Amino acid sequence: MKIGIASDHGGFELKLLLKERLSKLNFTIIDFGNNSYEPDDDYPDYVIPLAQSVAKGEIERGIAVCGSGVGASIAANKVDGVRAALIHDHFAAHQGVEDDNVNILCLGGRVIGSETAMELVTTFLNAKFTYAERHIRRLQKIDSLR
Ligand code: RB5
């Protein structure tokens, strides 16, 4: 699976760790930055290009990390075709995909530990949308706002 990852300074350390671990699991990972630790960088500069790439279908899913995960999810959800969610629990990591077709997982680098984050990421990447009629109907109600 081809995936993308992005972070600002608040998520930089966690992003590096996730990248390293995921590459060992044979995911193809595109890093949308930041490419170095800059304490004053801005998450939209990295999260929006990631979200646009997911929306275009260039990559299947994305992982966006900022300090809390909040800014990253707000930014990513501005892009049409993106369904980003800030998730810090195992149930939502798979159910968010199964029911709501989440395509970008947002994490708070200052909130969760690396092992929990890695577990959430693999759960998210392995989950599949069910295409159940009721879930499609609900997502269409959201899409109709555009
Ligand atoms: C940056 O200090 C921090 O505000 C950012 O990483 C993120 O947590 C925003 O939601």
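For the stretch 59-74, a residue qualifies if it is more than 9 Å from the ligand (Cβ to nearest atom) and either over 18 Å from Glu13 (Cβ atoms) or in a helix (DSSP H, G or I) (or both), and the qualifying residues are Ile59, Glu60, Arg61, Gly62. Scanning for something modelled with pLDDT of 95 or more, in a helix (DSSP H, G or I) and within 12 Å of the ligand (Cβ to nearest atom), does the stretch 14-35 turn up at least one residue? Yes. Determine, yes or no, whether Ser23 is of a type outside the set (D, E, K, R) and surrounded by 18 or more Cβ atoms within 10 Å (Cβ to Cβ). Considered against the rule, which asks whether it is of a type outside the set (D, E, K, R) and surrounded by 18 or more Cβ atoms within 10 Å (Cβ to Cβ), Ser23 comes out as no.
In this structure, Ala51 does not satisfy being closer than 17 Å to Leu120 by Cα, within 16 Å of the ligand (Cβ to nearest atom), in contact (Cβ under 8 Å) with a residue 40 or more places away in the chain and aliphatic (A, V, I, L, M).
The values are calculated or read from the model by the stated rules, or taken from the named source; none is laboratory data. Computed from a prediction, not measured in an experiment: that's the story for all the values here. Don't worry about glycine lacking a Cβ; one is built from the backbone with ideal geometry, like all the others, and counts go over all protein chains shown.
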